Every structure is written in C-alpha cells, then in structure tokens.
Amino acid sequence: MQILYLALALFLLVNLGAGMWRVLRGPTAADRMLAGQLFGTTAVAVLLLLAQTTGNVALRDVALVFALLAAVTAVAFVRRAWTEERTNNES
Amino acid sequence: MNPSDYLSAALMIAGAVFFLAGTLGLLRFPDVYSRLHALTKADNVGLGLVVMGLAVQAESWAVVGKLLLIWLLVLLAGASVAHLIARGALERGIKLWRR
Amino acid sequence: MSAAFLFALVGVGLFSLGLYALIVHAHLLRKILAINVMGSGVFLVLVALAKRTGESQPDAVPHALVITGIVVAVSATALALTLMLKLTAETGRAELPEDQGK
Amino acid sequence: MGALLSEISWGVVLILLPLAGGIACFLFPRAAKVLGLVSVFAVLLSVSGLGWNIKVNGIYRHAIGGWNAPLGIDLYADGLSLLMLAATALVGFGISVYSADYFEREDAARFWPIWLLLLAALNALFLSADVFNLYVTLELMGLAAVALAALAGGRDALGGAMRYLLASLLGSLAYLFGVALLYHGFGSMDIAMLAVRVEASPAVWAALGLMSVGLLLKTALFPLHFWLPPAHASAPAPVSALLSALVVKGSFYILLRLWLEIFGPLGGGVDTLFGLLGTGAILWGSLQALRQTRLKLLVAYSTVAQIGYFFISFPLAASAGVTAWSAAAYLVLSHALAKAAMFLATGNVLRFGGHDRIADLDRVVQRLPLTACAFALAGVSIMGLPPSGGFVGKWLLLQAALTQDRWDLVSVIILGGVLAAGYVFKVIGHAFTLADISHESREVPAKMEWAALLLAFGAILLGFLASPVLSLVGIGVPFGVSEVSP
Amino acid sequence: MEALTLLHWTFDILLGLGLLWLGWRVLTSPDLFNAIVLFVAFGLLMALAWVRLDAPDIALAEAAIGAGLTGALLLAAFAKLRTVEKNHDIAGQLEKGKLENRSFQWWPATFLLVVAAGLGHTVLSLPHYATGLSAEVSANLKSSGVSNPVTAVLLNFRGYDTLLEMVVLLLALLGVWSISGSALPREAAPGPILDTLSRLLTPVLILVAAYLLWVGAHAPGGAFQAGAVLGAAGVLLLLSGWRLSSHLAGLPLRIILVAGPVAFVAMAVFTMLTGGQFLEYPRAEAGTLILFLETAATLSIGTTLAALFLGERPKNKREYP
C-alpha cells in the first residue's frame, strides 16, 4: 500500500507540472488564476497521501489550511487583481 | 492485501484518473468557462475519491470526519470561486467559445 | 547525497537566482519577489541541513528560526510593497529614481 | 541603595523600557511627545545604572528564560557594549530633545513610536550574544530606520528609503545565510561558544564572506555605500542624525564583535582588504563631500568618509591590538556625537532659511550663532583637531600605525583629516559671508539650537575624558586579542 | 523496499527541480501578474518541501503566510500599482515593464554562478551527520511546559526571539501606516455568492485558528500559524467589503494590535519580579503561561496581518488619527 500512496502522490505532482503550462500560456488572467486553484486542490490530495504514507497526522492539518487558504488567494484575485476593464455595464 | 486495501486502491486510482481528466480539460478546452467547468468538477470528484480511499484506511472515525471536512471545504471553496471567476469573466466581456 | 543535501543545494540555487534577479531587474515588484525567493532559499538551507540527524527527529531549533524568519519576511514584504506604491504614486514609475533614467 | 542598584538586571530594563515606551506612544498618540522624552531619559539613567553595575561587578551576563548558552539566548555586556549603549543613549537623548520641537502633532505621532522601537532594537543589539538574535535585531533596526527615512514622504525621501530597504534586506539575508552555515557547521549560535569551536573550514570562510558583505552593506562601507547619501540627506533632520550617528554603528558593532571573537584569529588577508576599503571610503567620501552644493548631502558624504576610519583599525590590529581597537571605539563614540550635532545644526539652518544650499548661507553666524558654533565644534571633532574626541581617536590610530611603521595608513589618516578640514571650512566660510539674495527667515526654537550645541560640546568634552572612557571600555577585555573572553 | 526508496527519491528530485524551475520562472516571466501567480504556486511547492523535510510546523506557516497572505498582499499591491500607473497615463511603461525585463545579462549571471558553486561546495563540505542542538532540546523538553519541540524552542528556550519578532510585525504596521495616507478606496458591493462564502468560511477559519493555537502545545501548530490563519479570516472579511466600525478603529484596534508584545513584556516583568530570569516561566505553570502568551500573540498577529493587507490606517473621526 505504501508504494501505491507514494506513486499516486508522484503522479499528482507530475499533474501539477502539466497544469503549470496553462499558467504560462493562459491568454486571460482568469486562466492563470484557474491554474492557481488547481494547485490548491492537487496539493491537498498530495498532502493527504503523504500523511498516510509517513503516518504523520499533522499533515492533515496542513491540508486543511491549504484548502482554506487557496480560497482566500482566489478571492483576493477576483476582488482586487483582475485588471481588465469591465466592458459591459457594471451591476 | 486484504479486500479493504483493494477497495481503497481502486478508489484512489479512480480519483487519480479524475485528476488527470481535470488537468487534460484544463489544457485542452478552448475558453475559460469550459476549463473552469472541467477543473472544478473533475478535481473535486478526484479529491472525493482519494479522500474516500484514505478514509477506508483511516485508523479512527475522527480521522474520517476530518478528511470529509477537508473535502467539504474544498468543495465549498471550489464551487464559489468558480462562480466568482465565471461572473467576473462575463462582466469583463470574455466571449464564450462558439464552434 | 541524502534528501537533506538535495534540498540544501536547491536552497543555494534559489538564493543565487534571487540575487541575480535582484541585481538585474529594475521593476520594484520584481525586486521584492526576488527578495522573497532569496529568503525561501536561505530558509530551505537552514531546514534541510537540520535533517542530518539520521533516523531520529530532525533538529527543532532551525525550524523555530525559520518560522521567525517567515514572519519577518512577510512584514518586510508588506512594508516594501507600500513603499513601492507610494513611490510610484509620486514618480509615476515603479522603479528606483536612478533606474528610471535608462 | 547599592544593593538595589546592583540587584536590578539593567540589561533587561534597557530593552523593555524603550519597548514599553514605544508601545505607549503608539497607544496614546496625543501624549507621544511626553512619553517619548520620559522613556529616553529613563534609558539614559538605566545606561548609567548598567555602567555602574559593570564597573563594580565586571561583565554583565543574563541567561534569558533561565536556559544557558547553547539552548537559550544570553545577554552579555562588556566595556565595548557599554560604550555603544552610552553613545546611543546620549545621542538619542539629544535628538529626542531636538525632535520634541521639530515635529508637529501629525508627524510626532508617527515619529515617536518608531523611534523608541528603534532605540529598543539598538539596545537589544548591543546586549545580545546570540548570532540569530542579532539577525532579528538587525531586521528590526533596518525596518525602523526605513520607516523613519520615509517619514518626509517626498519623491527623493521615498526613493532613498526604498533603496535603503532593499540594501538592508539583502544585507540581512546574506548575514542570515552566514548564521545558517555557522550553526550547521558548529552546532551553536552563541558567540562565545562559536569562538571556541570555530576552526578554518570552507563553511567558516563562506560565513565570513557572507556576513561581512551583509554587514558592510548595512554599514555602508565604500563600494557598498550607494544607498546612504540619498537616504540620509532626504530624511528629516533628527532622522538623518539617528541614521548617521546610531543605525550605521549597529551593524559595525556586530562586525567588530564577530571579528574580535570568531573571525579575527583565522587570519587571512581580510583585514588588509578592510583597510583598503576604509582608505577608499575616506578618500572617496571626502572628495564627494567637497563637491557637494547642498549641506545635508555634504554631511552624509562626510559619514561615508568617517566610516572609512573605523575600518583602518582592522589591519593595524594585527600587532597593536588594544590601541587600534580602542581607537576605533573612540572614533565611533565621538563620530556619533559630532555627526548628530552636525545634522541637527543642518536641520536648524534648513528650518531657518528654508533651504540648505551652501553657497547662500546668508550670514548664518550672525543670525543663528548657537547653530553655527555647534557646526564648527562638531567640525573640529570630525577633522580631529586637538581638544576633541576625534583627535584622541585619530591620535591612537596614528600611534598604532607608527609603531608598525605603516606609513601608507599614516598618510591616509592625515590626508583624511585635511580633506575633512576642507569641507568643514567651506561651510563655515559661507556661514560668515553675505549671500547676495536675502530671503525671509523662520524662527528656530532655542531648544533645537541648544540640543545641537550640547551634542557638539559632548564631542569636544570627549577630548579631555580619554583615560576614564578608555578604562571603562577595557572592562571585560573585549579587545584581548590573545585570550578569548568567556 | 527498493521500490519505495526509489519513489521517495524521485518525489524529492522532482520537487527540488520543480522549485528551481518555478523560482526561475517567477523571476523571469515577462508579465508581472503571471509572476505573482507563479509565486503563489512556488509557495505551495515550498510547503510540500517542508513536509518532505519533516517540518510540518513550517509547512503550516508557509501554507498560511507564504502562499496565502503574501499572495493576497502581492495581488492587492499589483491592483493598486496598475491603477496608479494608469493615472500617470503611461501605457508605454506598462509594455516596457513587460519587455525590458527579459534581457539576460551575462556578467551578473556568471558572477552568481561562481557564488552558487562556492556556496554549493561549502554546503556539501558540512559533516553528513550532525545533531545540532536536538540533544539539548529533548533533554529540557519536559520542563518547558509543552511537548512539541518547535513550540518549546519558539516560546520558551528562545522566547526572546519571538518577542522581538512580534515587535518587527508591529513596526512593519507602524511603517505602513506612517507612509500611506489614510484614504480608503471604496470597496465594490460583494454580491450574494461572495457574501455567503465569507459568511461560511470565516467562522471555519477562526475555528481552525483556535484549533491550531490549542494543538500547538503537543503537535505542529502554535501562535504564528494560528495568527496567520486568523489573518486570512480578516483578509477574507476585508475582501468581502467588511470594515471595522469607526468607533472601534481608534484605541480598541490599537490595543488588540499590541496585545502580543504587551503580554510578553508583562510576562517578562512578572517573571523577573518573582525572582526568575527574564522570561523564565516557573516550571509548574509554564504550560498555562505559554498558552496565555500564545493566545495574545495569535490575536495581535492576526489583526496586524489583516491591517497590513488593508494597507491604510482605518479612518477614525472622533479621535486624533
């Protein structure tokens, strides 16, 4: 089972790398931030797998904080750093 | 490798497949909205499956509870952020993809 | 060449990358990012070398130092960002006065 | 009374007092001025308490949290730290009296909390014996100095502060990397323990290189001085005095302490390198000062030059150890007083005439007699003319150089003095002449002029107090090159 | 066993290379916004690196402060930067900012390659086995009042560093408030979804902060991680348009901001008066005293980080600002 956990964690890490390509190429700012969101979810999965492999319970707390903080960064992007002009009428 | 190991292995591999699908969607789909759609759905289901796979192995119900809490939070955050990004994109006039 | 030294070398690499970017780039936001990357590099060296305790738990003192360092880094970054914004408001460009010439 | 005095742990009081004062000023901005003055005066008293304690009981030592050196952090004060603490308290008090009238309510509420936290950082720095703790105090000092430098808010103040912040952060990170190498190489962060354990190895050379570059960047020694003139010249007058007189000395003190305890015995050509850089600083700083047309920039470049003098003592310490280091300590003390007086005098001139262009210092002597006298007396100490503290420092330096017949350094010291005379008299000369354009002037409060004058008197007075001060500095044998103080 | 160690190795190598590659991309990416998003991803990978180095405490701190708060700070600063640059109507500079920074300069690069090689050699020359101070820490752990070694070092053995470091945070806020004016930008209406999200997430964030504070005594967690998560809750509230009511923005806010340093100073005076050294907790009550200190520290760290994110001094009509 240990091997499976670690293999999956490795697979998800590679998955992260693939998602990185979208950050570089993404035409709009939203695409880039989207990939940031991908990072959050995948990192939570990797952490949970590592928690099971090493038996270190604390990693689940790290995953919990990750899940929460990914949302805060994304909201910060939406509310502040989205700079393209609002074309149609602002609600 | 007793039956519960097989079950959790199957669940987690399925989860990984969903993650792969999410990333492929992110790379292949033509516009923001479809990528958003692919990413949010696939990854959350992927994480759900991985969490269930781990829950089967979990040593106590408290751990299962914590894992589910983490998953619910990711679902909540993922869904609302996806909506915010989509609304923001619409307001900024990012065109939907047409064939 | 255990994991400790692998990550220590990665730390050295990040430190040098950050130093290069700090020297080369004129835009202040890039300089602030460079300083953060350099800081992560030094912290990586501190914690990686703490893992040379064989099988037992790694040395806890560098971990405490790095937590202190991370908080110091975030407060320095906050001050640097505010200073950059005020300087840009005054001069119109997010660059140090003498860099704006070239 | 004696028991009470020695029973109180003065080192801790010296750190907590300005800290509590700073927090109080932040909480009650309207009473910031009064709280600030009271705290700085109390710091002055506790420094004399510590001095009395050290004179009676020898080295002051305090294990924080009850944990001894390798695990916990030690406070440690010998003659050298006492000298730096005394300089900080004296100059700090003078500057506080000056700032009481200099800032209006809005700026005062911003100035006092940051200044008192800077004072706490300086005291903590001079008392600490732990290398990582010194990193935290360095960072604290750097951020406070940058916040103060940016107080004026103009275009060049913000530019100078930004450049200063980047240089300070780079210096701190290089220093931290050195701390990491020392800790992982020798298993301790306490300076005394490191002194015993360190032997020449790649880790030590790299740590020496990184820490020296970091600290030289923060001390603004010659090639790395680029950030100092704009930052010090564009800051408000009391802040420029703080930066030049105290903040720059903090990082020099750490370099000196590390050199005396850890890196000095290693040898290698590094001390001659410091000597060369010091020479470059003296020549380059003085020449630049001569070319300046604005008074504040002239005084800032004079700081760059005087810092060079401190580093001349490194190559001379090889054989004439005690005299060279005492010379450096004395120069640091007298420069602190003299440079603070100079910047405060410049502040008076700036407030009086609305500008600090040297060419048209319209009859400053007649209209601001005290300020002109303060500037002149401070100039005497910077030049190193006989009655002043600067003279005693340079005389000791010359003595050390002559015993090793290092004629090159002797000529540099004397040439530096002559160049310093050049730019001081340039200013004094203009102060007497009648400028062609007369302009309306603004009244300068008497307290501000007296503050500058008293600091200048302090610099001159040091010329007469050579032996008592040097005996005080000698406590705990900080410069004992041969045996390593525990 | 061979396969497992191989997997561990590939994971570490991949993570290391990923860190270096991301670090390089962050610093050389043509577009500034792109650099910031990459920096957030860099923070996440750093947290994974801390996990691989058996440093869960730092992984928590990095996740909360490194990726979360620093990312939010950078994004907010980027937004203000664009509006300020647009006011100065220098569209050309925006393009120039994009292009002119990608030129690769040989001299600094070769110099830094030499520095990197030197430092790399130095690091590799260090002894392969070294326990540092772990023996002393574990020997004194029992009398430190907590069982998590990192919290013991942070709050007891080197509590003085923590005091100074909280003053660094306070000082950064003083600096930010003294530099920036106090003109608060008008926050757009949050809209229903963001409102419900913050209404749901903020209590969870505060609960997690309290949990981390409590668990810090015997497992990874503690004042800084809890304070950072509390700060994230504050940032989320600020983003969804919430502002501190004006009569609270004066002295009460300042009291919370200095709660941490004041608690430490009071503790120091208390320990000195009861005959101990500076910050020497009486052995019996060390645990409870540390918990009290950590609570005060969490409160002031969280509020300070949220105030740093806001960047402006909150307007207070009645009292002197």
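Each reported figure results from applying straightforward, stated rules to the coordinates on display, with no laboratory input. Since the structure is predicted, the reported quantities are computational estimates derived from the model, not experimental observations. Cβ sites come from the backbone with ideal geometry, for glycine too, and all protein chains shown count toward neighbours.
Structure summary
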| read-out | value |
| --- | --- |
| For chain D: relative contact order, % (alpha-carbon pairs under 8 angstrom, 6 or more apart) | 16 |
| Cα centroid of region E:227-295 to Cα centroid of region E:136-184, whole Å | 10 |
| Net charge of neighbours whose Cβ lies under 15 Å from the Cβ of residue D:402, counting Lys and Arg as +1 and Asp and Glu as -1 | 0 |
| Ranked packing of D:36-42, D:168-174, B:4-10, most packed first, by mean Cβ within 10 Å | D:168-174, D:36-42, B:4-10 |
| Alpha-carbon radius of gyration plus Dmax, which is the widest Cα pair, for chain D in Å | 21.2, 68 |
| Net dipole in debye of the protein assembly as shown [+1 Lys, Arg Cβ; -1 Asp, Glu Cβ; about Cα centre; nearest 20] | 2300 |
| Virtual paramagnetic centre 7 Å along Cα→Cβ of residue A:2, amide N under 16 Å, in region B:1-35 | B:1 |
| Rounded if a/c under 1.5, otherwise prolate or oblate - the protein assembly as shown, Cα gyration tensor axes | prolate |
| Spacing of the two label points (7 Å from each Cα toward its C-beta) at residue B:95 and residue D:415, in nm | 7.2 |
| Shape of region D:359-413, Cα gyration tensor, a/c cut at 1.5 | prolate |
| Kyte-Doolittle mean at least -0.5 and Cα axial length at least 24 Å: DSSP H helices in chain D | D:10-27, D:32-57, D:79-102, D:105-127, D:131-149, D:155-186, D:202-219, D:270-291, D:295-316, D:321-353, D:407-432 |
| Radius of gyration and maximum dimension Dmax of region E:132-321, Cα, Å | 18.5, 58 |
| Partner chain coverage, peptide D:166-179 - average Cβ within 10 angstrom | 6 |
| Shielding of D:26-37 by partner chains, average beta-carbon count, 10 Å | 2 |
| Mean projected area in nm² (Cα convex hull; one quarter of hull surface) for chain A | 7.0 |
| Dipole moment magnitude, nearest 20 debye, chain A about Cα centre, only Lys, Arg, Asp, Glu C-beta charged | 60 |
| For region B:3-91: relative contact order, % (alpha-carbon pairs under 8 angstrom, 6 or more apart) | 34 |
| Over chain A: helical MRE at 222 nm, DSSP H runs n ≥ 4 each giving -39500 (n - 2.57), nearest 500 | -26500 deg cm²/dmol |
| Shielding of E:13-21 by partner chains, average beta-carbon count, 10 Å | 6 |
| For region A:17-63 and region D:374-392, distance of Cα centres in Å | 64 |
| Alpha-carbon centroid distance for the pair region C:49-102 / region D:123-164, whole angstrom | 14 |
| Dipole of the protein assembly as shown, positive direction: furthest Cα of D:136, B:74, D:250, with charges on the beta-carbon | B:74 |
| For region E:132-321: relative contact order, % (alpha-carbon pairs under 8 angstrom, 6 or more apart) | 33 |
| Chain D: Lys pairs at Cα distance under 24 angstrom, eight or more positions apart or on different chains | 17 |
| Label point at residue E:105 placed 7 Å out along Cα→Cβ; residues across region C:1-22 whose backbone nitrogen lies under 16 Å | C:17-22 |
| Cα gyration tensor shape for region B:3-91, rounded if a/c is under 1.5, else prolate or oblate | oblate |
| Helix runs (DSSP H) in chain E reaching 15 Å along axis by Cα, Kyte-Doolittle at least 1.0 | E:2-28, E:32-52, E:106-125, E:159-179, E:192-215, E:223-239, E:259-273, E:286-310 |
| Furthest towards positive pole of dipole, E:67, E:78, E:121, structure part region E:1-125, Cβ charges | E:78 |
| Dipole magnitude of region B:19-99 about its Cα centre (Cβ charges: Lys, Arg +1; Asp, Glu -1), debye to nearest 20 | 480 |
| Listed residues C:46, C:92, C:34: farthest to the positive end of the dipole of region C:3-100 (Cβ charges) | C:46 |
